[in-house]
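The values are calculated or read from the model by the stated rules, or taken from the named source; none is laboratory data. Every value quoted in this text rests on a predicted model; they were computed, and no experiment measured them. Using ideal geometry, Cβ is built from the backbone for each residue, glycine included, and neighbour counts are taken over all protein chains shown. The area values use the complete protein model at the heavy-atom level, side chains included, leaving out ligands, DNA and RNA. Shrake-Rupley method; radii C 1.70, N 1.55, O 1.52, S 1.80 Å.
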Amino acid sequence: MRRIYAGIDIGGTGTVIGLFDESRKLLSKTGFATLGARRERFGNPTLFLDRLAEELGKAVAVLETPAELAGAGFGVPGHVDPELGTIRDATNLGWNELSFAAEMERRLSVPVRIDHDVRTFAWAEVRAGAARGCLNALCLTIGTGIAAGIVLDGRLVRGSHSSAGEIGHDSVAGLSTTCPCGKIGCLETVVSAPGIARLAVEAGLGRSDGQPLTATDVSRLCAEGNTHALRIYRYAAGLLAGKLATAVALLDPEAIVIGGGVAEAGEYLFAPIREILHEQFPRLRDKLRVTKGELGDEASLIGALYHIYP
Ligand SMILES: [Zn+2]
């Protein structure tokens with residue numbers, strides 16, 4: 001029977017299961033709500049793990065050609081220890097100290113690997129996406145928060161406490177908003193979807209239908225030439241570029257790849273970052289690329305796959 005591999009992205013809202021063949025071709029993609037209709041029910045990790053194994057089994061069973069699962073890789077939002085296969089703390093899911101890999105191996109009877117979802121994103125973009133062929137790259141996702149996956153000399157860097165790349169909670173001088181982490185002035189109080197929406201509301205922008213304004217609405221207003229919206233993206237891009245400049249000086253990457261919902265703003269975000277970095281590092285003008293992720297919402301699945309099927 002042919003062997004297949006699963007690349008799975010566990011998100012705060014939805015969990016997506018990708019099944020791949022041995023040439024890493026995506027065979028199917030299915031999903032379910034991570035915390036269920038009643039949030040508290042799947043906030044219980046045991047119930048979630050049972051459901052996950054069941055959904056994965058179903059996804060394999062409905063494939064046109066019969067196949068046998070040979071391994072599963074997972075991207076998880078939160079602090080994980082990939083060596084031990086444990087989730088130390090996944091705040092958005094309400095889980096901590098969970099022996100995730102061991103629990104799933106017991107249910108699936110195949111090898112399981114896990115990593116932080118920004119690292120599965122980064123590894124996918126370096127192996128098969130916008131930073132393909134790069135030995136040194138910084139790959140960031142900007143959505144509810146911001147974090148970076150770092151690849152140096154062709155290897156994914158995790159740091160001594162699996163915390164490398166947590167740039168979102170590095171503070172910026174002059175910012176005064178309290179971050180959900182409890183600190184004041186973290187980068188992600190501005191450079192994140194909620195941060196951009198908050199600044200826009202403070203600038204008097206809103207939606208005509210009364211719904212809460214989103215970062216996507218703000219980028220749409222940029223396209224309409226709204227000066228407040230343009231100024232907000234430029235400001236957020238400027239703060240991020242300041243942090244990236246230090247990272248560039250320290251790590252000398254060939255590429256900076258940005259994904260996540262906020263990257264959909266495109267050049268309203270990318271052009272100012274590029275401008276600031278190239279101004280600070282003129283010799284890198286033709287050598288440092290700043291670009292959007294290529295793999296879209298499949299990046300985390302592909303990265304998780306590469307963790308189990310390198
Ligand atoms: Zn913070």
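Is at least one residue of the stretch 61-79 at pLDDT 95 or above, surrounded by fewer than 23 Cβ atoms within 10 Å (Cβ to Cβ) and touching a Gly at 6+ places or on another chain (Cβ under 7 Å)? No, the stretch 61-79 contains no residue that is at pLDDT 95 or above, surrounded by fewer than 23 Cβ atoms within 10 Å (Cβ to Cβ) and touching a Gly at 6+ places or on another chain (Cβ under 7 Å). For the stretch 224-263, the set of residues classified as under 25 Å from Arg198 (Cα atoms) and polar (S, T, N, Q) consists of Asn226, Thr227, listed by residue number. Just one residue in the set Ser28, Ser23 is among the hydroxyl-bearing types (Ser, Thr, Tyr) and assigned to a strand (DSSP E or B); that residue is Ser28.
With respect to being open to solvent by less than 20 Å² (accessible area, probe 1.4 Å) and either at pLDDT 95 or above or more than 9 Å from the ligand (Cβ to nearest atom) (or both), Thr144 falls outside the description.
Kindly indicate whether any position in the stretch 191-212 is modelled with pLDDT of 95 or more, in contact with a Leu (Cβ under 8 Å, 6 or more places away or on another chain) and within 14 Å of the ligand (Cβ to nearest atom). Yes, that holds for at least one residue.
Among the residues of the stretch 174-185, not a single one is in contact (Cβ under 8 Å) with a residue 40 or more places away in the chain and crowded, with 19+ Cβ neighbours inside 10 Å.
When you check Gly195 against the structure, is it closer than 24 Å to Gly266 by Cβ, surrounded by fewer than 16 Cβ atoms within 10 Å (Cβ to Cβ) and under 25 Å from the mean Cα position of the chain (by Cα), yes or no? So Gly195 fails the test.
The residues of the stretch 54-85 that are part of a strand (DSSP E or B), of a type in the set (D, E, K, R) and under 15 Å from Arg3 (Cα atoms) amount to a single one, Glu68.
Within the bounds of the stretch 106-126, is there any residue that is at positive phi, modelled with pLDDT under 95 and either open to solvent by 40 Å² or more (accessible area, probe 1.4 Å) or of a type in the set (Ser, Thr, Tyr) (or both)?
no
For (1) polar (S, T, N, Q); (2) open to solvent by less than 70 Å² (accessible area, probe 1.4 Å); (3) part of a helix (DSSP H, G or I), each residue gets a yes or a no:
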position: Leu230; (1), (2), (3): no, yes, yes
position: Arg234; (1), (2), (3): no, no, yes
position: Gly238; (1), (2), (3): no, yes, yes
position: Ala247; (1), (2), (3): no, yes, yes
position: Ile256; (1), (2), (3): no, yes, no
position: Tyr268; (1), (2), (3): no, no, yes
position: Asp286; (1), (2), (3): no, no, no
position: Leu305; (1), (2), (3): no, yes, yes
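Scanning the stretch 164-188 for residues that are within 17 Å of the chain's Cα centre (by Cα) and within 13 Å of the ligand (Cβ to nearest atom) turns up Glu166, Ile167, Gly168, His169, Leu187, Glu188. Of the numbered criteria (1) in contact with a strand residue (DSSP E or B) (Cβ under 9 Å, 6 or more places away or on another chain); (2) within 16 Å of the ligand (Cβ to nearest atom); (3) in contact (Cβ under 8 Å) with a residue 24 or more places away in the chain, the one Leu138 fails is (2).
Among the residues in the stretch 213-220, are any within 16 Å of the ligand (Cβ to nearest atom), of a type outside the set (D, E, K, R) and closer than 28 Å to Ala137 by Cα? Checked the stretch 213-220: no residue is within 16 Å of the ligand (Cβ to nearest atom), of a type outside the set (D, E, K, R) and closer than 28 Å to Ala137 by Cα. Scanning the stretch 91-106 for residues that are part of a strand (DSSP E or B) and in contact (Cβ under 8 Å) with a residue 24 or more places away in the chain yields Trp95, Leu98.
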